[in-house]
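Scroll down for the structure; my scribbles are underneath it.
The values are calculated or read from the model by the stated rules, or taken from the named source; none is laboratory data. Quantities reported herein were computed from a predicted structural model and do not represent experimental measurements. Counting neighbours? That spans all protein chains shown, and the Cβs are built from the backbone with ideal geometry, glycine included.
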Amino acid sequence: MVVPERQLQRKYISALKEYQKTGKISEEVRQAIRGDVLQALEELNTRLIEEDGALYHDKDYVILGELKGENTMAMKYYHAYMARESGVHLADDDFWGHDFIADTDIKANRPVRCILERAKLSQDFINVRSAFLVSSKLYEIFVKLTDNYKTYPAVIAKKDGMITDDYRIFYIGDEIGCFNWERSVYDGRNEELNMPLSLRTVVLDKSKLPEYEGKNIFRLKEMDCAIIVNDYAKKMLEKAKITGFIYEELAVE
């Protein structure tokens, strides 16, 4: 069904106003606009094949599945993990008794205190025991990649006594159970928690991913400290020169 031009204009104007006001566009609106573009391209592709079908085979045209590119199961996924030890740890009196990675009900009534044991802090992403610490620069990228998150203030005390508040604890709300138990390589399984005891190779289950194709970044339910990003998110992070991540491409089977 073709969407009336006036309705499309209202949608795009609404999206523009939202972006000007908040600096973000909701995932729902992103998906709607993306769908309009793909529909138009699909109709164009069909018309070209019909008009020139006598001269060319279908294979000489861009097929819709290829046209969608990053929005199909051809989408690449990566395990984004900390590149190197940061030297940051939670202060002894700030364990909180919580798991910041997986707990949605944390009530942080003051900044979470961390300590830097090294001379300087030089990366945007830090995985500290139960928390993802992100720099202000990385925070601005993350909030464009997901609208399902919580964040908590943090302070990091340096060896010279200086304190930085340029980092925040970032909770990624989307948790997807797409671990392929048959194809992944792991040692042992915690049946109660439904988690592998240790991992060698992570393979994602392609049957579980289509309903989450709009998720740019999420945690793996079977290993909640694992951050999974799609190709769009990876390119966005690399373009912004975000430091602290290593990206391991994952098979999807």
(request) Check Val155 against each of (1) of a type in the set (A, V, I, L, M); (2) more than 18 Å from the chain's Cα centre (by Cα); (3) outside any strand (DSSP E or B) and name the one condition it does not meet. (result) (3)
(request) Hey, could you check region 192-233 for residues that are of a type in the set (D, E, K, R) and assigned to a loop (DSSP other than H, G, I, E, B) and say which is surrounded by the fewest Cβ atoms within 10 Å (Cβ to Cβ)? (result) Glu192
(request) Check Arg189 against each of (1) at pLDDT 90 or above; (2) surrounded by 12 or more Cβ atoms within 10 Å (Cβ to Cβ) and name the one condition it does not meet. (result) (1)
(message) Filter region 234-244 down to the residues that are within 17 Å of Met82 (Cβ to Cβ), in a helix (DSSP H, G or I) and without any contact (Cβ under 8 Å) to a residue 12 or more places away in the chain and list them by number.
(response) Glu238
(request) Considering only region 142-174, state which residues are surrounded by fewer than 17 Cβ atoms within 10 Å (Cβ to Cβ), without any contact (Cβ under 8 Å) to a residue 40 or more places away in the chain and not β-branched (Val, Ile, Thr). (result) Asn148, Tyr149, Asp160, Gly161, Met162, Asp166
(request) With the condition kept exactly as written, say whether any residue in region 245-253 is small (Gly, Ala, Ser), loosely packed, with under 15 Cβ neighbours inside 10 Å and assigned to a loop (DSSP other than H, G, I, E, B). (result) no
(message) Considering only residues that are part of a strand (DSSP E or B) and farther than 30 Å from Ile141 by Cβ, which ones fall in region 172-191?
(response) Val185, Tyr186, Asp187, Gly188, Arg189, Asn190
